[in-house]
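Engineer: Pasting a structure below so you can have a look.
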Amino acid sequence: MLSIKNLHASIGDKEILKGINLEVKAGEIHAIMGPNGAGKSTLASIIAGNENYEVTAGEISLDGEDLSELAPEERAHKGVFLSFQYPVEIPGVSVTNFMRTAINETRKANGLEEMPAKDMLKVIREKSELLEIDRKFLSRSLNEGFSGGEKKRNEIFQMAMLEPKLAILDETDSGLDIDALRIVANGVNKLKSDKNAIVVITHYQRLLDYIVPDFVHVLYNGKIVKSGGKELAHELEEKGYDWIKQEQEA
Amino acid sequence: MELKEKLLSSFMAFEERIDVHSELHDVRTAAIKNFENKGFPTKKDEAWKYTSLNAILKNDFTVFPKEENAVEFNHVKKYFLHEVDTYKVVFIDGVFNSHLSSTTHDGIDICLMSSALNKPKYKMIIDTYFNQIASKDESLTSLNTAFANEGAYIHIPKSKVADKPIEIMYFSTGNEAALLVQPRNLVIVGENSHVQIIERHQSLTENPVLTNSVTEIFAQKRAIVDYYKIQNDTLEANLIDNTYVSQKQESHVSVHTFSFGGNLTRNNLNFYHFGERLTSTLNGITIIGEKQHVDHYTLVKHSTPNCESFQDYKGIYSDRSTGVFNGKVYVEKEAQKTNAFQKSNNILLSDKATINAKPQLEIFADDVKCSHGCTVGQLDETAMFYMQQRGIPKKEAKALLMYAFSNAVIESIKIPELKQRITKIIATKLGVKIGFDL
């Protein structure tokens, strides 16, 4: 589904990604782990089309289609979803209205009619129940005054609404207490199918106890330096990232 | 001949047509003298530092337009509210048009300034209110006073609610190469009474127009006045709006100014307090581009204790447009327990757009709450990326952000049909078709 080949990217003069290769197939969950500053969030941002980064070499494709010339919204319309590490507060735009606009714009881009208001309300009700979100919450301004946990839950709620092909969860576990973590992970697991794929970006192994990956990759200094199964996450948890650093510098 | 000279000689011609023995004659004569002494304001005047009238004054304006200019209703229908019935006071090139208007004398007076000024039965009211709160010192107000003859006259007596909103419309046909119009409105709202007014100036062609308008609003005890100004005129139209508000105790007066169009717009908005526990609200949304210029010059004079004033101005400037927000708040020594808040938030969408924001607070009382905040920023790039990531295209994301930015002011519109209309104008300005019912 997602195919990344020899991806190099920089911001200003600073090269952050130095040749990433990654293949994600439908039905798979991949975890990308690594120390701070390794380039994890940059990779997520670039897949989503953030124009602040410059892709200097390599390619990203989704189901064989090159994404590199597409705007962020066009990638979203093709099924790319990024759960932000720091969801943005947008005062004056309610969660419901935001979702309605997002869904209808996506439908429009895919040649579909707008979703009737009645259906929209029904879907919103179902998905908010899945994430245990209070209805009152939906009429509030998007992310404004939300706690860290509420913001992350709201991200997964949006993922549930948009039903993406490829979901990238960037540090979704940060700022979550154990109950919220369970709710979020449970939501993600319910959304998982053999038609979609999930890339979990995390610093810690904790989330991976709940969202169990098929593959774990270690990103260090702009490159994937190690790949393995879920046991690699445990090894990292035990040995820490210094082990990787030493191995690399040796 | 320079415009000033032309106006001075026109005044003599104007006087010949009216009764020189009336008391109004003295008012007009004093006013024209003040204008003669002061002339048009220039950038040397502190109050006009950021707004120059020079280029506009070079037009050869007609001061007395022909009286027979006609306009078909179908041609101007779109400028009125449709979904709600309204009283209408309509002027074409400064002349009242009875065909398009819907006035009343049934318990409330919604009619013409010219009748009020000339008919004996209004004399007492005119003597009590006309030119009482308008400045006798400011030259453009004086110029208007000197020629004051036509406009809307609204008198809501004690304990009456105007059953429909009132639309005051000034159309200019462009039948003159360049036209100067000077409407004069008088609004008197009695004790416990309530009125909603919408004022709009609209040019129907591309010929230059300069409107120098004066509106006096008197709100008696516990009166409620909601006044909305829609400024969405052509790029050849210029507007100087001078509005003076006098408030008595426990009254609520709000003036909303929506500035989306025109070449040059200057809003002089002045509030004076004559009683306790009253509230003044001044809200504005400005969305302009090209070389448009909008200058909001506000004054709230707190002279009595326990009063509140709220100012909230949002501005979005693109291309080479320029905006000014100059907000003066005076709190006199007697005005203890004043709450005065002022906000001016601005977004610049282009490197060449400018906003000059200047809050001026002069506080002489010691037990007050006053605050002001001015912000100037760009659209939040991270918010844009976030919205785009969820599938909202750039243009719509931008529009949604800007709409959200102005939302607090839009929400304060109390006439639902007007709120819809303003929302629609904003969507059109932003070039999008998404529904904005947030």
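Engineer: Can you find, within the range B:5-37, the residue that is surrounded by the fewest Cβ atoms within 10 Å (Cβ to Cβ) among those that are part of a helix (DSSP H, G or I) and of a type in the set (Asp, Glu)? Steps first, answer last, please.
Structural biologist: Narrowing the range B:5-37 to residues part of a helix (DSSP H, G or I): B:5-17, B:23-37.
Restricting the remaining residues to those that are of a type in the set (Asp, Glu) gives B:5, B:15-16, B:23, B:26, B:36.
On the way: B:Glu5: 10, B:Glu15: 15, B:Glu16: 8, B:Glu23: 12, B:Asp26: 11, B:Glu36: 17.
Top of the filtered list is B:Glu16.
Engineer: Still on this model: Is it the case that B:His75 is over 21 Å from B:Leu3 (Cα atoms), over 23 Å from the mean Cα position of the chain (by Cα) and part of a helix (DSSP H, G or I)?
Structural biologist: Details: over 21 Å from B:Leu3 (Cα atoms): yes; over 23 Å from the mean Cα position of the chain (by Cα): yes; part of a helix (DSSP H, G or I): yes.
Answer is yes for this residue.
Engineer: Suppose we filter the range B:117-133 for residues that are touching a Leu at 6+ places or on another chain (Cβ under 8 Å) and outside any helix (DSSP H, G or I); how many remain?
Structural biologist: As a first pass, look at the range B:117-133 and keep what is touching a Leu at 6+ places or on another chain (Cβ under 8 Å): B:117, B:126, B:129-130.
Adding the requirement that they be outside any helix (DSSP H, G or I) leaves B:130.
Matching residues across the range B:117-133 total 1.
Engineer: I've got another one for you. Looking at the range B:79-116 only, could you name the residues that are assigned to a loop (DSSP other than H, G, I, E, B), of a type in the set (Asp, Glu) and either without any contact (Cβ under 8 Å) to a residue 60 or more places away in the chain or more than 21 Å from B:Pro65 (Cβ to Cβ) (or both)? It would help to see each step written out before you state the result.
Structural biologist: So in the range B:79-116, the residues assigned to a loop (DSSP other than H, G, I, E, B) come out as B:80-86, B:93-94, B:97-101, B:103, B:105-108.
Now restrict to residues that are of a type in the set (Asp, Glu): B:83, B:85, B:93, B:106.
Result: B:Glu83, B:Asp85, B:Asp106.
Engineer: Does the range B:361-379 hold any residues that are in contact with a Phe, Trp or Tyr (Cβ under 9 Å, 6 or more places away or on another chain) and of a type outside the set (A, V, I, L, M, F, W, C), and which are they? Steps first, answer last, please.
Structural biologist: In the first step, residues of the range B:361-379 are kept if they are in contact with a Phe, Trp or Tyr (Cβ under 9 Å, 6 or more places away or on another chain); the result is B:361-364, B:369-374, B:379.
Once the filter is applied, which keeps residues that are in contact with a Phe, Trp or Tyr (Cβ under 9 Å, 6 or more places away or on another chain) and of a type outside the set (A, V, I, L, M, F, W, C), the range B:361-379 yields B:Glu362, B:Lys369, B:Ser371, B:His372, B:Gly373.
Engineer: To continue, here is another question. Are any of the residues in the range B:240-253 among the hydrophobic types (A, V, I, L, M, F, W, C), touching a strand residue (DSSP E or B) at 6+ places or on another chain (Cβ under 7 Å) and in a loop (DSSP other than H, G, I, E, B)? Don't jump to the end; show me each part of the working.
Structural biologist: Applying the first criterion (among the hydrophobic types (A, V, I, L, M, F, W, C)) to the range B:240-253 yields B:240, B:245, B:253.
Retained after the next criterion (residues that are touching a strand residue (DSSP E or B) at 6+ places or on another chain (Cβ under 7 Å)): B:240, B:245, B:253.
Restricting the remaining residues to those that are in a loop (DSSP other than H, G, I, E, B) gives none.
No - not one qualifying residue is present in the range B:240-253.
Engineer: Which of the residues that make up the range B:151-186 are within 17 Å of B:Asp106 (Cα to Cα), of a type outside the set (D, E, K, R) and touching a residue at least 40 places away in the same chain (Cβ under 8 Å)?
Structural biologist: Of everything in the range B:151-186, those that are within 17 Å of B:Asp106 (Cα to Cα), of a type outside the set (D, E, K, R) and touching a residue at least 40 places away in the same chain (Cβ under 8 Å) turn out to be B:Ala152, B:Tyr153, B:Ile154, B:His155, B:Ile156, B:Pro157, B:Ala162, B:Pro165, B:Ile166.
Engineer: Another question about this same structure. Is at least one residue of the range B:343-360 crowded, with 16+ Cβ neighbours inside 10 Å, touching a helix residue (DSSP H, G or I) at 6+ places or on another chain (Cβ under 7 Å), among the basic types (Lys, Arg) and within 14 Å of chain A (Cβ to nearest Cβ)?
Structural biologist: Taking every residue of the range B:343-360 in turn, none turns out to be crowded, with 16+ Cβ neighbours inside 10 Å, touching a helix residue (DSSP H, G or I) at 6+ places or on another chain (Cβ under 7 Å), among the basic types (Lys, Arg) and within 14 Å of chain A (Cβ to nearest Cβ).
Engineer: Let me ask something else. What about A:Ala31, is it of a type in the set (A, V, I, L, M) and touching a residue at least 60 places away in the same chain (Cβ under 8 Å)? Steps first, answer last, please.
Structural biologist: On the way: of a type in the set (A, V, I, L, M): yes; touching a residue at least 60 places away in the same chain (Cβ under 8 Å): yes.
For A:Ala31, the condition - of a type in the set (A, V, I, L, M) and touching a residue at least 60 places away in the same chain (Cβ under 8 Å) - is met.
Engineer: Identify all residues within the range A:209-250 that are aliphatic (A, V, I, L, M) and modelled with pLDDT under 85; write none if there are none. Reasoning before the result, please.
Structural biologist: Taking the range A:209-250 and keeping what is aliphatic (A, V, I, L, M), we get A:211-212, A:216, A:218-219, A:224-225, A:232-233, A:236, A:244, A:250.
Listed by number, the residues that qualify are A:Ile244, A:Ala250.
Engineer: Next question, about the same structure. Within the set of pairs 6 or more residues apart or between chains, which connect a residue that is free of Cβ contacts under 8 Å to residues at least 12 places away in the same chain inside the range A:239-250 to a residue that is among the small types (Gly, Ala, Ser) and in a loop (DSSP other than H, G, I, E, B) with Cβ atoms less than 9 Å apart?
Structural biologist: none
Engineer: Sticking with this structure for a sec: Of the conditions (1) away from chain A (no Cβ under 14 Å); (2) under 22 Å from the mean Cα position of the chain (by Cα), B:Gln378 satisfies every one except a single condition; which number is it?
Structural biologist: With respect to (1) away from chain A (no Cβ under 14 Å); (2) under 22 Å from the mean Cα position of the chain (by Cα), B:Gln378 is out only on (2).
Engineer: Same structure, new question: So, of the residues in the range B:398-413 that are more than 26 Å from the chain's Cα centre (by Cα) and at the interface with chain A (Cβ under 8 Å from one of its Cβ atoms), which turns out to be surrounded by the fewest Cβ atoms within 10 Å (Cβ to Cβ)? Let's see the steps before the verdict.
Structural biologist: First pass over the range B:398-413, keeping only residues more than 26 Å from the chain's Cα centre (by Cα): B:398, B:400-401.
So of that shortlist, the ones also at the interface with chain A (Cβ under 8 Å from one of its Cβ atoms) come out as B:400-401.
Working: B:Leu400: 25, B:Leu401: 22.
Among residues in the range B:398-413 that are more than 26 Å from the chain's Cα centre (by Cα) and at the interface with chain A (Cβ under 8 Å from one of its Cβ atoms), the one surrounded by the fewest Cβ atoms within 10 Å (Cβ to Cβ) is B:Leu401.
Engineer: Of B:Asp93, B:Asp60, which residue is among the acidic types (Asp, Glu) and touching a strand residue (DSSP E or B) at 6+ places or on another chain (Cβ under 7 Å)?
Structural biologist: B:Asp93
Engineer: One residue is enough: does the range A:5-25 have a residue meeting the conditions within 14 Å of chain B (Cβ to nearest Cβ), in contact (Cβ under 8 Å) with a residue 12 or more places away in the chain, touching a helix residue (DSSP H, G or I) at 6+ places or on another chain (Cβ under 8 Å) and surrounded by fewer than 20 Cβ atoms within 10 Å (Cβ to Cβ)? Spell out how you get there, then give the answer.
Structural biologist: Step one: of the range A:5-25, the residues within 14 Å of chain B (Cβ to nearest Cβ) are A:11.
Filter once more, so that each one left must be in contact (Cβ under 8 Å) with a residue 12 or more places away in the chain: A:11.
Among the residues that remain, those that are also touching a helix residue (DSSP H, G or I) at 6+ places or on another chain (Cβ under 8 Å) are: A:11.
If we keep only those that are surrounded by fewer than 20 Cβ atoms within 10 Å (Cβ to Cβ) as well, we get A:11.
Yes: the range A:5-25 contains one or more residues that are within 14 Å of chain B (Cβ to nearest Cβ), in contact (Cβ under 8 Å) with a residue 12 or more places away in the chain, touching a helix residue (DSSP H, G or I) at 6+ places or on another chain (Cβ under 8 Å) and surrounded by fewer than 20 Cβ atoms within 10 Å (Cβ to Cβ).
Engineer: Those residues that are touching a Lys or Arg at 6+ places or on another chain (Cβ under 8 Å) and in a strand (DSSP E or B), I need them from the range B:270-290; list them, please.
Structural biologist: Within the range B:270-290, B:Asn270, B:Phe271, B:Tyr272, B:His273, B:Gly284, B:Ile285, B:Thr286, B:Ile287 meet the criteria.
Engineer: Hey, could you check the range A:33-59 for residues that are polar (S, T, N, Q) and part of a loop (DSSP other than H, G, I, E, B) and say which is nearest to the other protein chains (Cβ to nearest Cβ)?
Structural biologist: Going residue by residue through the range A:33-59, those that are polar (S, T, N, Q) are A:36, A:41-42, A:45, A:50, A:52, A:56.
Pick out the ones that are also part of a loop (DSSP other than H, G, I, E, B) and you get A:36, A:50, A:52.
Values: A:Asn36: 20, A:Asn50: 6, A:Asn52: 8 Å.
The extreme case among them is A:Asn50.
Engineer: Within the range B:415-426, is there a residue that is buried (at least 16 other Cβ atoms within 10 Å of the Cβ) and within 14 Å of another protein chain (Cβ to nearest Cβ)?
Structural biologist: Within the range B:415-426, one or more residues are buried (at least 16 other Cβ atoms within 10 Å of the Cβ) and within 14 Å of another protein chain (Cβ to nearest Cβ).
Engineer: Among the residues that make up the range A:60-71, is at least one of them within 20 Å of the chain's Cα centre (by Cα), facing chain B (nearest Cβ under 10 Å), of a type in the set (A, V, I, L, M) and surrounded by fewer than 22 Cβ atoms within 10 Å (Cβ to Cβ)?
Structural biologist: Yes, the range A:60-71 contains a residue that is within 20 Å of the chain's Cα centre (by Cα), facing chain B (nearest Cβ under 10 Å), of a type in the set (A, V, I, L, M) and surrounded by fewer than 22 Cβ atoms within 10 Å (Cβ to Cβ).
Engineer: Within the range B:382-397, which residues are under 15 Å from B:Ala427 (Cβ atoms) and either within 26 Å of the chain's Cα centre (by Cα) or facing chain A (nearest Cβ under 7 Å) (or both)?
Structural biologist: Just the residues of the range B:382-397 that are under 15 Å from B:Ala427 (Cβ atoms), to begin with: B:392-393, B:395-397.
Selection gives B:Ile392, B:Pro393, B:Glu396.
Engineer: Considering the range B:361-381 alone, what residues qualify as being under 22 Å from B:Asp319 (Cα atoms) and either of a type in the set (Phe, Trp, Tyr) or surrounded by 13 or more Cβ atoms within 10 Å (Cβ to Cβ) (or both)? Give the steps one after another, and end with the answer.
Structural biologist: Taking the range B:361-381 as the starting set, the residues that turn out to be under 22 Å from B:Asp319 (Cα atoms) are B:374-381.
Once the filter is applied, which keeps residues that are under 22 Å from B:Asp319 (Cα atoms) and either of a type in the set (Phe, Trp, Tyr) or surrounded by 13 or more Cβ atoms within 10 Å (Cβ to Cβ) (or both), the range B:361-381 yields B:Cys374, B:Val376, B:Leu379, B:Asp380.
The values are calculated or read from the model by the stated rules, or taken from the named source; none is laboratory data. The shown structure was predicted, so the numbers you read here are calculated from the model rather than taken from an experiment. Every residue, glycine among them, receives a Cβ derived from its backbone with ideal geometry; neighbour counts consider all protein chains shown.
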